[in-house]
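Down below is the structure, laid out as structure tokens.
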Amino acid sequence: MCDFHIEGVRKTIIPQKQSGRHPVSQTPNALLLKPSGYHCTKWMLLSAGLRRGLCVQATLKDQTEGLSDKEQRFVDKLYTGLLRQQRACLAEAITLVESTHERKKELARVLLQRVLAHHREQERLNQGKPLTFRVGLSGPPGAGKSTFIEYFGKMLTERGHRLSVLAVDPSSCTSGGSLLGDKTRMIELSRDMNAYIRPSPTSGTLGGVTRTTNEAILLCEGGGYDIILIETVGVGQSEFAVANMVDMFVLLLPPAGGDELQGIKRGIIEMADLVAITKSDGDLVVPARRIQAEYTSALKLLRRRSGVWKPKVVRISSRSGEGISEMWDTMREFQQVMLASGELATRRQKQQKVWMWNLIQENILEHFKSHPSIREQIPLMENKVLSGALSPGLAADMLLKAFKS
């Protein structure tokens, strides 16, 4: 027996015992199905799809019930503007999801749920295959990420693609501010109407991404951009977060970036699907070739992320354009191989699960700090830890026990 709701009315399907007849439902559509094993399976699939559709509708209905008419019109305007590929609505939508205001967070959830429902419907019409290609770019400061993105982005838009660049800047630990200067380095690309560049601060978030980067990716895809580039902050042990939200992770390295042992110590290279040695021109061609050979040998010592793709090392020059077209061909090859094997769809599913738990951890910490009984005790415990009266571990245990009770 299973229950579901249609416009507030509860319907119950009660399967009958095996008597040669098909289980009869109280819904009119079920009466049209004939009593055969094939139609029984078909009936079960139809009812499962109906329940999924009703679940999405119920979720949207529950979220929109608490909105005022003005708020509903605002969400409708952003959603309609996204589908019409209006850049201003995309910018306003990303600003909304980045907001920390509680009411704006609720509006953002409603908008994201509608965009997600539309996105899933488009993928269903495309035989379940992703319509977009998400690429993460990372590298140390000075590797030439912004210069590469401008040349690479112009090449893609000239070939008919629509490109969205989410450039993440580190926020200052002292002032909390962020320069957000990446857009100024991409002058030609920022003028391109088929490209959208959005700089965002990390706001203290580890992993080289913002708290809402995943949501911004979804909004860009809803706005009609088929290639999403995420330029992240630096390279280090904390930069793994970007690999959990993209289809392909590309590591950009300058020619003078150390030997293969340095690459392995960084740890991030084992997450890379493609390594690109930048600035391979002029006097740096010979060092670039040496680094390419060293990193090729280094990758052989590491466990591969994919069972069907072997990471490659290429040389490129953003000044002369050498190797960038071939690099794009390699990226397309990666996309086709991953799609054919089904690994791309599996990777995206796992990424959604990982990101859900990341948000849960973040929200639980905020809830813990804002809890009335804990908020009063935190300064007292901090003073005791500073004075040496309590160890940090004991103070944490006492706060957690107070929170549980």
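The values are calculated or read from the model by the stated rules, or taken from the named source; none is laboratory data. All values derive from a computational prediction rather than experimental measurement. Every residue, glycine among them, receives a Cβ derived from its backbone with ideal geometry; neighbour counts consider all protein chains shown. With ligands, DNA and RNA removed, areas are computed over all heavy atoms of the protein, side chains included. Shrake-Rupley method; radii C 1.70, N 1.55, O 1.52, S 1.80 Å.
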Contact list please: Cβ distance under 7 Å, first residue in the stretch 355-374 and in contact (Cβ under 8 Å) with a residue 12 or more places away in the chain and open to solvent by less than 60 Å² (accessible area, probe 1.4 Å), second residue assigned to a helix (DSSP H, G or I) and among the β-branched types (Val, Ile, Thr), pairs at least six apart or on different chains.
368/374
Contact list, first residue from the stretch 69-98 and under 21 Å from residue 197 (Cα atoms), second anywhere and part of a helix (DSSP H, G or I) and hydroxyl-bearing (Ser, Thr, Tyr), beta-carbon distance below 9 Å, six or more apart or interchain, is 86/80; 89/79; 89/80; 93/79
Condition met for residue 310 (in a loop (DSSP other than H, G, I, E, B) and free of Cβ contacts under 8 Å to residues at least 24 places away in the same chain):
yes
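For every residue, the table says whether it meets (1) at pLDDT below 90; (2) basic (Lys, Arg); (3) more than 27 Å from residue 337 (Cα to Cα).
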{"residue": "287", "(1), (2), (3)": "yes, no, yes"}
{"residue": "296", "(1), (2), (3)": "yes, no, no"}
{"residue": "302", "(1), (2), (3)": "yes, no, no"}
{"residue": "308", "(1), (2), (3)": "no, no, no"}
{"residue": "313", "(1), (2), (3)": "no, no, no"}
{"residue": "317", "(1), (2), (3)": "no, no, no"}
Given the criterion at pLDDT 90 or above, within 21 Å of the chain's Cα centre (by Cα) and aliphatic (A, V, I, L, M), identify the matching residue among 78, 131.
78
Subset of the stretch 135-169, residues more than 14 Å from residue 324 (Cβ to Cβ), of a type in the set (Gly, Ala, Ser) and either within 18 Å of the chain's Cα centre (by Cα) or crowded, with 19+ Cβ neighbours inside 10 Å (or both), comes to 136, 138, 139, 143, 146, 164, 167
Candidates 133, 148, filtered to the one that is of a type in the set (Phe, Trp, Tyr), under 19 Å from residue 199 (Cα atoms) and touching a strand residue (DSSP E or B) at 6+ places or on another chain (Cβ under 7 Å)
148
Got at least one residue in the stretch 323-340 being of a type in the set (Ser, Thr, Tyr) and open to solvent by 60 Å² or more (accessible area, probe 1.4 Å)?
no
With the condition kept exactly as written, say whether any residue in the stretch 279-288 is open to solvent by 80 Å² or more (accessible area, probe 1.4 Å), closer than 20 Å to residue 150 by Cβ and in a helix (DSSP H, G or I).
no
Kindly provide the set of residues from the stretch 379-397 that are exposed (fewer than 15 other Cβ atoms within 10 Å of the Cβ), part of a helix (DSSP H, G or I) and among the aliphatic types (A, V, I, L, M), ordered by number.
380, 386, 394, 396
Subset of the stretch 116-134 (residues that are surrounded by 12 or more Cβ atoms within 10 Å (Cβ to Cβ) and assigned to a loop (DSSP other than H, G, I, E, B))
130, 131, 132
Check the stretch 227-235 and report whether any residue there is modelled with pLDDT under 90, at positive phi and surrounded by fewer than 21 Cβ atoms within 10 Å (Cβ to Cβ).
yes
